[in-house]
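Just below is one structure, and these are the notes that go with it.
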Amino acid sequence: MNILSPVTSCVHPVAQPRSAHFQLWVNGEPVDALLAEKADFAVFECGSPVHIAIVAATAAEGTQVKPLSRGITPSVDGRAIRFQIDGPQCLCVDVPGLKPFFIYANAPEIAKPSPRDPDVRYFAAGKIHEAGEIELTSGQTLYIEAGAVVRGFVRATGADNVSIRGQGILDGRWHDYAKGDRIRSVIFERCTRVRVSDIIMIEPTSWMLVFACCRDVHVDGLKQIGSCMSSDGIDVCASRDVLIENCCLRNDDDNIAVKAGTFDKTSIWEGDVDNVVVRRCIFLNGQPGNAMEIGYELSTDRISNIAFEDIDVLNAHGEGAVFSIHNGDRAIVENVRWENIRVEHYWDKLVDFRVVRSRYNKDPERGLIRNIRLKNIRIVHSVFNPGCSISLISGYSGKKPARDIVFEDFYLNEHKVSSADELDLHTRNAENIRFL
């Protein structure tokens, strides 16, 4: 028998809404189950194995613990759900008829900053902080303690060595939301050495986390529950040397979006994108948008060396795609790799690589898509997909084809795909599409 790990949980402010659908105990101790619009969630610390017990609001027959790749089979008895986890990780408990319940089991926090440090903007546990705009400058850390809720948005411009960390909640419902304002929750603009780790972001009114013209970025252990149209998870705009890992993102638009261009009068984020790695993440795409997107705005010369590795896509529910490149501007998009990706559900499109003209774009010239590889891809292909779900690959013209696209060890259920017909892949102005 495994020895269960000690558990550290926190008490959130009384005014923070609790889940009406789930109650949670970890090693027999109650843990707050909190409410968000499109999913509920709970957060605690553990070091090694712990026992999870959940009571759902309805009968829980058919419950799955996701990602399915973790191999966790719950014991279900009426409304009670029980299972054990080996240690820190993010999971989604999927009870038929209820919204998702995310479990954020964090590793014990180390090197917690001092609230007396003049370079730390410290938000303490047990309180809802109506912060409004938080501006960070070089050398500063925004720290949200576990059990704290910060309502506001964050900006850093031209800063070096700046970070956001902690296991608390950044709530995008700040005080002007009632006026209809839509505010991007966090923007780092023209910053270097940026670090974001462990926080929980909920209820955005627009894009959640933006890196615009940044260098040397590391995102680790971020959790998001986005519930509005255009609630992009992480937007990498005209940035280089970006590592995103161990994140759990539930969004109603793109989970990850790689972009470059002019977005409005104050958001002129132009420049090439290079060396972006996204790995060991969990994505749930709710309505519009795509799970892993490059585009649409690509007003720059080159988008290159982008890698998605060891990813679990729980759902791609809406009209978007799992794997997508929408090149609406002049950029050459090249050297993009998806490897070791597991997809548990998709609906409209699986692969969607197109050079297009759309309302989002500015350049008169259209670009290219080339040198793309999808390797060791495992797709759950349901009875509802054939005849409804498709894939698309298209260049803009015969003179500018999409080319050199490789599907290697690409599986629908246990069937290895060896042709475009098996994938229901529709092509136009495309060359050298290979199945290995």
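List of remarks:
- Test: residue in region 262-273 that is at pLDDT 95 or above, surrounded by fewer than 24 Cβ atoms within 10 Å (Cβ to Cβ) and either assigned to a strand (DSSP E or B) or among the acidic types (Asp, Glu) (or both): yes
- Test: residue in region 111-119 that is among the hydrophobic types (A, V, I, L, M, F, W, C) and either in the same structural domain as residue 21 (by TED's automatic domain parsing) or on the phi < 0 side of the Ramachandran plot (or both): no
- Residues in region 173-213 that are charged (D, E, K, R) and modelled with pLDDT under 95: 173, 176, 179, 181, 182, 184, 203.
- Complete set of residues in region 105-128 that are in contact with an Asp or Glu (Cβ under 9 Å, 6 or more places away or on another chain), within 20 Å of residue 140 (Cα to Cα) and assigned to a loop (DSSP other than H, G, I, E, B): 109, 112, 113, 115, 124, 125
- The residues of region 133-152 that are within 25 Å of residue 32 (Cβ to Cβ) and small (Gly, Ala, Ser), listed by number, are 146, 147, 148, 152.
- Selection of region 131-163 for residues being at pLDDT 95 or above, small (Gly, Ala, Ser) and either under 22 Å from residue 109 (Cβ atoms) or in a strand (DSSP E or B) (or both) yields 139, 146, 147, 148, 156, 163.
- Yes/no for residue 120 being within 20 Å of residue 207 (Cα to Cα), modelled with pLDDT of 95 or more and not acidic (Asp, Glu): no
- The residues in region 380-399 that are under 30 Å from residue 331 (Cβ atoms) and either in contact (Cβ under 8 Å) with a residue 12 or more places away in the chain or touching a strand residue (DSSP E or B) at 6+ places or on another chain (Cβ under 6 Å) (or both) can be counted, and the count is 10.
- One residue stands out among those in region 296-350 that are assigned to a loop (DSSP other than H, G, I, E, B) and farther than 24 Å from residue 231 by Cα: the one that is nearest to the chain's Cα centre (by Cα), which is 331.
- Strands (runs of 3 or more DSSP E) wholly inside region 186-255 that include at least 3 residues being closer than 29 Å to residue 302 by Cβ: 186-189, 192-197, 209-212, 215-220, 234-237, 240-245
- Filtering region 378-402 to residues that are of a type in the set (D, E, K, R) and within 28 Å of residue 344 (Cα to Cα) leaves only 378.
- Number of the exception - residue 373 against (1) of a type outside the set (Ser, Thr, Tyr); (2) under 27 Å from the mean Cα position of the chain (by Cα); (3) farther than 23 Å from residue 326 by Cα: (3)
- Any hit, region 240-247, residues being in contact with a strand residue (DSSP E or B) (Cβ under 6 Å, 6 or more places away or on another chain), at pLDDT below 95 and either at negative phi or not small (Gly, Ala, Ser) (or both): no
- Tally of residues being touching a Lys or Arg at 6+ places or on another chain (Cβ under 6 Å) and surrounded by 24 or more Cβ atoms within 10 Å (Cβ to Cβ) across region 189-209: 2
- Matching residues, region 382-414, being part of a strand (DSSP E or B), farther than 15 Å from residue 323 by Cβ and at pLDDT 95 or above: 403, 404
- Residue that is surrounded by the fewest Cβ atoms within 10 Å (Cβ to Cβ), among those in region 226-239 that are modelled with pLDDT under 95 and within 14 Å of residue 267 (Cβ to Cβ): 230
- Candidates are the residues of region 65-89 that are under 26 Å from residue 169 (Cα atoms) and among the polar types (S, T, N, Q); the one that is surrounded by the most Cβ atoms within 10 Å (Cβ to Cβ) is 89.
- Checked against the criterion of being closer than 19 Å to residue 143 by Cα and of a type outside the set (A, V, I, L, M), the candidates 226, 221, 233 yield just one match: 221.
The values are calculated or read from the model by the stated rules, or taken from the named source; none is laboratory data. These figures come from a predicted structure and were not determined experimentally. Neighbour counts are summed over all protein chains in view; Cβ atoms, including those assigned to glycine, are modelled from backbone coordinates with ideal geometry.
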